[in-house]
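What follows is a short report on a single structure.
Laboratory data are not the source of any read-out in this text; all were calculated from the coordinates shown. Just so it is clear, the model here is predicted, and its values are computed rather than measured. Virtual Cβ from ideal backbone geometry, glycine too; neighbours counted across all protein chains shown.
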Amino acid sequence: MTVKYDKLVRDRIPEIVAARGGVAKTRVCADDEEYLARLVAKLREEVDEFDRDRNAEELADILEVIKALCLRLGFDPLEVEALRAKKEAERGAFGKRLILEEA
């Protein structure tokens, strides 16, 4: 049985499908704009999966998409992490579970 997907997948998915006896029909994103749009859609998909399953594997998938977004947009993933750490140092993280109700 063939299933239609029309979504961005990891690079080795066609190999994995073939190893299981299937045939993966693929194409490469037409241009950088499509690739960016597909990455953003993939990020939403992975966040939705994490919201359902709440496990480390789904968080790893989110990080992989974020890494790809960094590279596509010309950001060094390590520099993005440094920005995150800087913001944490300046503004804190989310460990105190604070809800701002008024300011």
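Once the chain from residue 85 to residue 53 is taken as fully extended at 0.36 nm per residue, the excess over their C-alpha distance is 8.8 nm.
Put in line by how crowded their Cβ is, counting other Cβ atoms within 10 Å and starting with the fewest, 39, 78, 59 read 78, 59, 39. Annotation for the stretch 7-86: trypsin sites (Lys or Arg not before Pro) lying in DSSP loop with at most 13 further Cβ atoms inside 10 Å of their Cβ are 7, 10, 12, 20, 25, 27, 54. The modelled label-to-label distance between residue 60 and residue 40, using points 7 Å beyond Cα along the C-beta direction, is 2.9 nm. May I ask for log10 I(q)/I(0) of the chain at q = 0.12 Å⁻¹, from a Debye sum over the Cα atoms as equal point scatterers with solvent left out? Values returned for q = 0.12 Å⁻¹ are -0.59. Over the stretch 48-103, the alpha carbon radius of gyration divided by the compact-protein estimate 2.2 N^0.38 Å works out to 1.42. Maximal additional length on extending the residue 75-residue 33 stretch stands at 13.5 nm, based on 0.36 nm per residue less the C-alpha distance.
Across the chain, the mean sequence separation of Cα contacts (distance under 8 Å, 6 or more residues apart), normalised by length, yields a relative contact order of 17 percent.
For the stretch 1-54, the residue among 29, 14, 47 whose Cα projects farthest onto the positive side of the dipole built from Cβ charges is 14.
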